[in-house]
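Structure first, then comments.
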Amino acid sequence: MMGSLTIAGLGPGAEALITPEVSAALAEATDVFGYGPYVARVAPRAGLTLHPSDNRQEVQRAFDAMRLAAEGRHVVVVSSGDPGIFAMASAVFEALEGSPQWQALPIRVLPGVTAMLAAAARAGAPLGHDFCAINLSDNLKPWETIEKRLRLAAEADFAIALYNPRSVSRPDDLERAFEILTQAGCGARIVIFAQAVTTADERIISLPLSEATPDMADMRTLVIVGNSQTRRVGRWIYAPRRAS
Ligand code: SAH
C-alpha cells in the first residue's frame, strides 16, 4: 500500500488558527513527526504514533518520515506557523534531493498562519506595503549575510519581519541587528515586539527603534520593524498603501 507524506503548519498557537485542511490531515495520520513542543500540540489517539525529536534534527527527521511513508504509513511532519517559512518543508525537500528512491511519494505541503501574519494582525497592518522577512538565526548562514540583508532592506525601505530574534546561544545578535538598522537611519522607525502571539502568554509592545532593547524579545517573539512611513492611528499601527 502506498503511504503519504504531508508537511503541515500548525499556526502560531491558537487552536482556531489551525486550518481545517491540516486538522483533516492529522485526523488521518498514522504518524506525526516534528520538534517536541510542536508534536505536543497534536492530541494523542489510538492508531497514531507521535515521534517528537530535538531541534536541529530536521534532515534526520525528514529521512525518518519519508522512510515510514515509503513503507505505507500516512505521515505528517508538523511545523509551527507555516511549514515553508524557516521550517520543515525545505528540510524535507533537501532530504528528497539525495533520495531518488522516494521521489514518487505523494507529498503535500499544507500552509499555516505564519507568526509574521498573526503578529501583524494583532498590531494592525504593519505589512500593508512592501516588506521582507529575515531569519536572524545564523545556524545555517553566515552572520555577514544577515548584516548585508538588514542593510539593504533598510535602504529599500521595506518593513522587516525578524524571525528567531534571540536564542540562548546567540544573546547579542538582536542588539547587533538594531545597531545596523540604526546606522542605516532607521532610529525613528516603529518596532513591534509580538511575543507568543495567539497563546495565553501573548504580549505586544511597540516603540521607536531608538528606544528598543534586545531583552524585549525572546525565542517566541516576532519582531516587525516598520518602514519609514509606518505610523500609529489610535492604538493601531499600520503601513500606508502608498509610498513615494
Ligand atoms: N514556521 C514558523 C517559524 C519558525 S522559526 C512560522 O511560520 O511561524 C521560529 C520563530 O518564529 C520564533 O523564534 C519566533 O520569531 C517566531 N514565532 C513562532 N511562533 C510565534 C508566536 N506564536 N508568536 C511570536 N513569534 C512566533
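The values are calculated or read from the model by the stated rules, or taken from the named source; none is laboratory data. Nothing here was measured: the structure is a model prediction, and the numbers come from that model. Positions of Cβ are backbone-derived with ideal geometry, glycine not excepted, and every protein chain shown enters the neighbour counts. With ligands, DNA and RNA removed, areas are computed over all heavy atoms of the protein, side chains included. Shrake-Rupley method; radii C 1.70, N 1.55, O 1.52, S 1.80 Å.
Here are some notes:
- Shape of the stretch 126-244, Cα gyration tensor, a/c cut at 1.5: oblate
- Across the chain, the mean sequence separation of Cα contacts (distance under 8 Å, 6 or more residues apart), normalised by length, yields a relative contact order of 20 percent.
- Euclidean distance between Cα centres, the stretch 166-228 to the stretch 63-100, Å: 31 Å
- Counting only protein heavy atoms and using a 1.4 Å probe, the accessible area of LEU181 comes to about 0 Å².
- Cα gyration tensor shape of the stretch 1-145, rounded if a/c is under 1.5, else prolate or oblate by comparing a/b with b/c: oblate
- Spacing of the modelled spin labels on THR182 and LEU105, each 7 Å from Cα toward Cβ, amounts to 4.7 nm.
- What the Cα atoms of the chain give is an Rg and a Dmax of 19.3, 60 Å.
- At most 13 other Cβ within 10 Å, DSSP loop - trypsin sites (Lys or Arg not before Pro), the stretch 144-244: ARG235, ARG241, ARG242
- With all protein chains modelled, accessible area of GLU179 [1.4 Å, Å²]: 100 Å²
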